[in-house]
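S.K.: Please read through the structure below; I'll follow up with questions.
The values are calculated or read from the model by the stated rules, or taken from the named source; none is laboratory data. Computed from a predicted model, the values in this text were never measured in an experiment. Cβ sites come from the backbone with ideal geometry, for glycine too, and all protein chains shown count toward neighbours.
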Amino acid sequence: MKFLKVTTSKGLQIPAVAMKLSGFEPECNVEFHASEDMLVVLRHRMTAMELLRAAKSLQKLAADLHVHLARVCGPCDGCDGECPFEGGDEVDLPDHLREEAGIPEKAKLWASVDEEEHTVTICEADYDHDLRDVPEEVLEMFREAGICVGELEERLILGDVVYGN
């Protein structure tokens with residue numbers, strides 16, 4: 001079950017009903033697992049069965065989140081069997097040229113071609129994320145399911161909110 005709460009400067013208060021549904025007893029010790037973009041609360045002590053149920057719940061949540069993102073991206077239907085997003089071409093630039101151009105070391109690069117002048121211009125991309133940031137197993141899963149990874153890349157580049165209001 002999902003609950004929507006607002007964090008405050010004092011932290012986050014977990015509703016008693018959520019604690020009860022999760023089987024957390026009053027006054028029990030809990031542990032928080034914090035990682036990028038998520039926070040998980042577990043009982044500090046669990047039996048093997050409780051740990052298995054917790055792991056299964058986390059797997060289900062991960063699957064639900066992937067399904068949600070797949071629905072946002074939709075099916076691949078415009079590539080005529082030739083996906084231009086199969087293997088992204090990595091743009092690389094020697095460190096000394098990056099430094100001279102004032103491009104930070106970890107910045108994403110973008111390349112454009114001028115066919116008339118027969119030149120390629122490489123510059124710092126004006127976005128933070130693209131398909132190179134997506135775990136390969138997620139890209140493979142989306143491709144095998146016929147999900148449009150081009151739409152995923154567009155959402156990544158634009159930084160669109162794809163979950164919640």
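S.K.: Give the stretch 56-81 a look and list any residue that's in a helix (DSSP H, G or I), of a type in the set (Gly, Ala, Ser) and exposed (fewer than 12 other Cβ atoms within 10 Å of the Cβ), or say none.
M.R.: Hits for the stretch 56-81 are Ala62, Ala63.
S.K.: Just one of Leu109, Leu131 is at pLDDT 90 or above and at negative phi; which is it?
M.R.: Only one candidate passes the filter, namely Leu131.
S.K.: For the stretch 15-46, give me the residue count where each residue is more than 25 Å from the chain's Cα centre (by Cα) and more than 15 Å from Leu61 (Cβ to Cβ).
M.R.: Of the residues in the stretch 15-46, the ones more than 25 Å from the chain's Cα centre (by Cα) are 15-30, 43-46.
Checking the rest, the ones that are also more than 15 Å from Leu61 (Cβ to Cβ) come to 15-17, 19-20, 23-30, 43-46.
Qualifying residue count for the region: 17.
S.K.: Note down all Cβ pairs under 7 Å where the first residue falls in the stretch 54-79 and is on the phi > 0 side of the Ramachandran plot, the second is surrounded by 13 or more Cβ atoms within 10 Å (Cβ to Cβ), and they're at least six residues apart or on different chains.
M.R.: Within 7 Å, the pairs are Gly74/Cys148; Gly74/Glu151.
S.K.: Would you pick out the residues in the stretch 1-21 that are among the small types (Gly, Ala, Ser) and either at pLDDT 90 or above or closer than 21 Å to Gly164 by Cβ (or both)? Break it down stepwise before answering.
M.R.: In the first step, residues of the stretch 1-21 are kept if they are among the small types (Gly, Ala, Ser); the result is 9, 11, 16, 18.
Those that are among the small types (Gly, Ala, Ser) and either at pLDDT 90 or above or closer than 21 Å to Gly164 by Cβ (or both): Ser9, Gly11, Ala18.
S.K.: Now for a separate question. What number of residues within the stretch 125-165 satisfy the criterion of being surrounded by 15 or more Cβ atoms within 10 Å (Cβ to Cβ), without any contact (Cβ under 8 Å) to a residue 60 or more places away in the chain, in contact with a helix residue (DSSP H, G or I) (Cβ under 8 Å, 6 or more places away or on another chain) and not in a loop (DSSP other than H, G, I, E, B)?
M.R.: Summing the residues that are surrounded by 15 or more Cβ atoms within 10 Å (Cβ to Cβ), without any contact (Cβ under 8 Å) to a residue 60 or more places away in the chain, in contact with a helix residue (DSSP H, G or I) (Cβ under 8 Å, 6 or more places away or on another chain) and not in a loop (DSSP other than H, G, I, E, B) in the stretch 125-165 gives 3.
S.K.: Out of (1) closer than 16 Å to Pro135 by Cβ; (2) exposed (fewer than 10 other Cβ atoms within 10 Å of the Cβ), what's the single condition that is false for Met49?
M.R.: Of (1) closer than 16 Å to Pro135 by Cβ; (2) exposed (fewer than 10 other Cβ atoms within 10 Å of the Cβ), only one is false for Met49: (1).
S.K.: Right, here's the next one. Report yes if some residue within the stretch 94-108 is among the small types (Gly, Ala, Ser), part of a strand (DSSP E or B) and over 30 Å from Val67 (Cβ atoms); otherwise report no.
M.R.: Of the stretch 94-108, the ones among the small types (Gly, Ala, Ser) are 101-102, 107.
Adding the requirement that they be part of a strand (DSSP E or B) leaves none.
No, every residue in the stretch 94-108 fails to be among the small types (Gly, Ala, Ser), part of a strand (DSSP E or B) and over 30 Å from Val67 (Cβ atoms).
S.K.: At pLDDT below 95, touching a strand residue (DSSP E or B) at 6+ places or on another chain (Cβ under 8 Å), within 17 Å of Met141 (Cβ to Cβ) and surrounded by 10 or more Cβ atoms within 10 Å (Cβ to Cβ): is that true of Cys28 in this structure? Steps first, answer last, please.
M.R.: Numbers: at pLDDT below 95: yes; touching a strand residue (DSSP E or B) at 6+ places or on another chain (Cβ under 8 Å): yes; within 17 Å of Met141 (Cβ to Cβ): no; surrounded by 10 or more Cβ atoms within 10 Å (Cβ to Cβ): yes.
No, not satisfied.
S.K.: Among the numbered conditions (1) under 26 Å from Gly74 (Cα atoms); (2) assigned to a loop (DSSP other than H, G, I, E, B), tell me where Glu117 comes up short.
M.R.: Here Glu117 meets the rest and fails (1).
S.K.: Within the stretch 99-109, restricting attention to residues that are loosely packed, with under 15 Cβ neighbours inside 10 Å and of a type outside the set (A, V, I, L, M), which residue is farthest from Cys73 (Cα to Cα)?
M.R.: My answer is Glu100.
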